[in-house]
Amino acid sequence: MSHDALCVSACEPAELVRDANRLSALYKTQLLDTPAEEGFDRLTTMAARLLDVPMAFISLVDDQRAFVKSHYGLPKPLANDWAHPSYVMGQCVLAKGGPLIIDDAAQHPVAASLSKFLPAMGAFLGVPLKDDSGELLGYFAVADYRPRLWYPRDLDLLSELTHSATREIRLRLAVQEVQQHARCARIAVRAREELLAVVAHDLRTPLSVLTMAFSLFDGIILNERQREVVNHAQKASGHMGKLIDELLEISQMEQSQLELRLSQLDPHKLLEDAVAMLQPLAERSGIRLLTSCEQALPVIKGDYERLLRVFSNLVSNAVKFSLPGSTVWVSVVRDSQGVRFTVSDNGPGIAESDLPFIFDRYWQVKKREHQGVGLGLAIVKTIVEAHGGTIRVSSTLGEGSDFCFHLPLA
């Protein structure tokens with residue numbers, strides 16, 4: 001292959017080397033003065049072996065120096081003195097804007113002038129290293145101790161490896177961007193959770209004052225309208241207290257701080273306690289709460305209070321969306337992996353398009369009379385999964401829903 005016998009002036013520092021856009025693109029890679037990386041070292045090793053040369057290197061060129069990101073086969077004395085010649089050769093590659101092909105270094109004006117630095121270099125082949133926008137970052141080069149004729153195949157191989165180096169830089173930038181986004185997301189989540197905790201904490205004080213104030217009405221004779229207003233206010237304050245508890249609990253769960261107090265539990269007793277706790281709620285709503293429990297169930301390991309919370313959320317939802325006079329069923333059976341609990345109702349059901357999102361935080365079925373903040377089922381899912389269990393829902397519009405959660409054996 002013929003080569004360009006560049007004159008010395010062509011390789012003098014040019015405006016291109018000092019171009020602000022080029023330097024910005026180079027600094028954006030954050031590769032300067034970084035330690036060796038396997039991805040780049042693999043490419044220089046491959047270049048040396050495929051082109052059958054003793055030396056290969058990837059250099060990044062700024063406006064004052066060249067940083068050798070990776071090299072293969074450079075003897076230690078040569079590697080120690082490589083900074084200056086690498087920069088000079090880099091200027092040549094960048095000034096040319098294309099491959100720099102030197103078959104005989106002694107006959108090339110610039111390469112010959114570097115003989116005191118590179119007495120062992122007889123031939124050189126360099127390809128510009130560019131980013132996706134075409135900005136010149138440096139070069140990928142191979143060298144031989146003796147003069148040699150570079151063939152088109154040699155240039156094609158080195159050009160392809162240079163493209164691979166560009167892809168390695170692109171991948172590195174993508175990883176850095178993802179890491180930056182992850183850091184920003186963690187900061188945003190932490191700030192949100194801290195604000196949430198402060199707001200929830202500050203809401204508790206006035207809420208407790210309201211609760212105490214409502215207790216003062218006990219024993220006081222009120223007319224029907226006054227009693228109705230007080231009852232509504234008490235219910236609203238109770239609902240607000242529940243929302244605060246849910247916000248704080250989901251905040252704790254999002255920070256992976258959910259602590260379980262595990263003990264061996266009898267599923268019969270767990271179901272019995274849950275129903276006793278929720279029966280008054282069902283009766284006030286005119287709902288029958290029925291149970292079915294398989295005999296001789298095995299012991300499970302769980303957090304008693306947390307699992308009662310699961311039943312409370314599931315049964316409360318079933319009661320809330322059921323018509324007076326209807327029935328909610330709570331059952332427990334053994335399956336192949338452990339114990340399965342089911343809460344069933346014959347309420348309005350859930351649309352198939354809504355089912356994939358039903359356990360998402362802050363998500364709720366639209367156009368429902370009863371609205372919250374969409375945390376109850378998210379809390380249920382988190383508690384069940386913290387126990388090593390699973391939860392699923394099946395539903396038909398107009399016929400009702402079944403929420404089943406499975407807990408493993410102790």
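The values are calculated or read from the model by the stated rules, or taken from the named source; none is laboratory data. Because the structure is a prediction, the values reported are computed rather than measured. Cβ placement follows ideal geometry from the backbone for every residue including glycine, while neighbour counts extend to all protein chains displayed. Each accessible area value is taken on the protein alone, full model and side chains, heavy atoms only, with ligands, DNA and RNA left out. Shrake-Rupley method; radii C 1.70, N 1.55, O 1.52, S 1.80 Å.
Values for this structure:
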read-out	value
Extreme residue, farthest from residue 386 (Cα to Cα), among residues of the range 220-265 that are modelled with pLDDT under 70 and not in a helix (DSSP H, G or I)	255
Neighbours by Cβ (under 8 Å, 6+ apart or cross-chain): first from the range 384-410, in a helix (DSSP H, G or I); second open to solvent by 20 Å² or more (accessible area, probe 1.4 Å) and modelled with pLDDT under 90	386/258; 386/260; 386/306
Residue in the range 18-33 that is farthest from residue 60 (Cα to Cα), counting only those that are among the small types (Gly, Ala, Ser) and open to solvent by 20 Å² or more (accessible area, probe 1.4 Å)	20
Some residue of the range 74-92 being of a type in the set (A, V, I, L, M, F, W, C), at pLDDT below 90 and open to solvent by 40 Å² or more (accessible area, probe 1.4 Å)	yes
Members of the range 13-44 that are of a type in the set (D, E, K, R) and either over 20 Å from residue 127 (Cβ atoms) or in a loop (DSSP other than H, G, I, E, B) (or both)	15, 18, 19, 28, 33, 37, 38
Filter result (hydrophobic (A, V, I, L, M, F, W, C) and at pLDDT 85 or above) within the range 95-104	100, 101, 102
Close pairs from the range 177-190: first over 19 Å from residue 29 (Cα atoms), partner part of a helix (DSSP H, G or I), Cβ under 8 Å, at least 6 apart	189/254
The range 145-174: number of residues that are charged (D, E, K, R), open to solvent by less than 90 Å² (accessible area, probe 1.4 Å) and within 19 Å of residue 45 (Cβ to Cβ)	3
Qualifying position, being over 19 Å from residue 319 (Cβ atoms), open to solvent by 10 Å² or more (accessible area, probe 1.4 Å) and either touching a Phe, Trp or Tyr at 6+ places or on another chain (Cβ under 7 Å) or modelled with pLDDT of 85 or more (or both), among 385, 399	385
Residue match in the range 295-307 (condition: modelled with pLDDT of 90 or more, among the acidic types (Asp, Glu), under 33 Å from the mean Cα position of the chain (by Cα) and open to solvent by 30 Å² or more (accessible area, probe 1.4 Å))	no
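Each row is one residue, and each column tells you yes or no for (1) within 22 Å of residue 379 (Cβ to Cβ); (2) touching a residue at least 12 places away in the same chain (Cβ under 8 Å); (3) in a helix (DSSP H, G or I).
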| residue | (1), (2), (3) |
| --- | --- |
| 295 | no, no, no |
| 306 | yes, yes, yes |
| 309 | yes, yes, yes |
| 313 | yes, yes, yes |
| 316 | yes, yes, yes |
| 330 | yes, yes, no |
| 341 | yes, yes, no |
| 347 | yes, yes, no |
| 353 | no, no, no |
